[in-house]
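A quick write-up on the structure given underneath.
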Amino acid sequence: MQRRVLLQAAAGAATALWLASRPAAHAADADAGPWTAEALRAHADARVRALAHAILAPNPQNLQPWRVEFADAARILVRCAPDRRLSVSDLPDRQLTVGFGAFVELYVLALQAEGHAVRVEAFPEGEAWPLLDGRPLALLHLSPATPVRDPLLDAVLQRHTNRTPFDRAGTPGPERLRELVAVARRPERVFWNLEPERAARIRDITLRAWDAEMQEFAPTRDEVARYTRIGDAAIAAAPWGPAMPDAVLAKAPGPVSEASLSDPASAVFQANRRNYRAAVESGDAHLWIASAQYDRIGMFDAGRDWVRLHLQATRMGLAMQPHSQALHDFAAILPYVRELHAALGVPEPARVQMLGRVGVAAQVNPSPREPAQAHLERA
């Protein structure tokens, strides 16, 4: 939803570094975690049951920055946790805002299934610049209604970002891509490509941008390494951020630590790079979402559509992975941003907010999640 810097472990060419294990259950929380259909139905409050769906949204580096306040029975405020941001790679909080759009869209779908009509008021106190602040990103207005379950919601537990190489023989054709795009709220802002020359340009720009961001610019790789949870115990203690479970550590080509993850000379880093490149190079079909201009609402709406596309892809037996490396906003990446916009035919002032590959791949495990109530603030 991904819009994130991705490292991958050397656990085989098809094994992603951030394959996540289920952290230990949080017994103090009534919902007991978001990993089963039973857990999604566990809480007495329908707003919390719906929240347990919303926290499964894609978000940058799995930061899970959502903070929710039940202002009263008919209003839900959504804010950003001030300590959950990428201060280097996502300085204006663009990716974070996209992730909030995905979160709100899942929340809306789940609330509708619980018998609420929902009106989303985005940025009710204005768009925050240059960073998100204490103002709400969204205010959800609820009113009683007949329950309506969108079929997209049925894919929420199976939707996972897939960072493994795709089976190029299973690349979806035009009809399937049109079926995929049809679920978008704003399909006129969603584009796809199957033309080989343009696909090769997308791959090339993405890979060079990753090298610029991760090999050549220490602050970004240090930031990712700092957030990474290394080992099952660390994941259980803090089930947010990129995760390396014990099963992945056992297959790593060398010692895994914050230092080795951020050292371009280490065997771990180089294996990550090789596996990341193998994944990107297997992409022949790409989707992207462009907003009319560079503003918060364009970012937010892109996130709402990205998660809808990903849910539909899951229902269709397809996998998706975002490519955010050439979309970042810091100085070292801006030349790639311009190059990518030219390759995709997106002129200013429009802005590509999301780009990714779509195809066929083996199922992957879910990323760790904090329990729903960890995101709930009291009025």
Cut-off 10 Å between beta-carbons: net charge of the residues surrounding Phe330, Lys and Arg +1, Asp and Glu -1: -3
Which one, Met320, Pro264, Gln61, projects farthest toward the positive side of the charge dipole computed for the chain from Cβ point charges (K/R +1, D/E -1)? Met320
On the formula 1/(1 + (r/R0)^6), with r taken between the Cβ atoms of Arg378 and Leu91 and R0 of 30 Å, the FRET efficiency rounded to 0.05 is 0.45
Let me make sure I get this right: for region 275-379, a, b and c are the square roots of the gyration tensor eigenvalues over alpha carbons, sorted descending. Under 1.5 in a/c it's rounded, otherwise prolate if a/b > b/c, else oblate. Which is it? oblate
Mind ranking 93-103, 45-55 by how tightly packed they are, going by the mean number of other C-beta atoms within 10 angstrom, highest first? 93-103, 45-55
Can you give the FRET efficiency to the nearest 0.05 for Asp204 and Glu348, using r as the Cβ-Cβ distance and R₀ = 25 Å? 0.65
Rounded to the nearest 0.05, what FRET efficiency is calculated for Leu249 and Glu216 with R0 set to 41 Å and r the Cβ-Cβ distance? 0.95
Give me the number: length gained by fully extending Asp154 to Leu194, i.e. 0.36 nm times residue separation minus the C-alpha to C-alpha distance, one decimal in nm. 11.6 nm
Might you report the magnitude of the Cβ-based charge dipole of the chain about its Cα centre, with Lys and Arg at +1 and Asp and Glu at -1, to the nearest 20 debye? 480
Accessible area per residue in Å² at 1.4 Å probe, computed on the chain: 36
Ranked highest first by the average count of other Cβ atoms within 10 Å around their residues, in what order do 193-202, 358-367 fall? 358-367, 193-202
Within the accessible area of the chain (1.4 Å probe), percent carbon and sulfur: 53
Taking every eigenvalue of the Cα gyration tensor of the chain, multiplying by 5 and rooting it, what semi-axes result, largest first, whole Å? 30, 24, 20
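The values are calculated or read from the model by the stated rules, or taken from the named source; none is laboratory data. In this text the structure is predicted, and so the values were computed from the model without any measurement. Quick reminder, even Gly has a Cβ in these numbers, built from the backbone with ideal geometry, and neighbours come from all protein chains shown. Note: areas computed on protein heavy atoms with side chains; ligands, DNA, RNA excluded. Shrake-Rupley method; radii C 1.70, N 1.55, O 1.52, S 1.80 Å.
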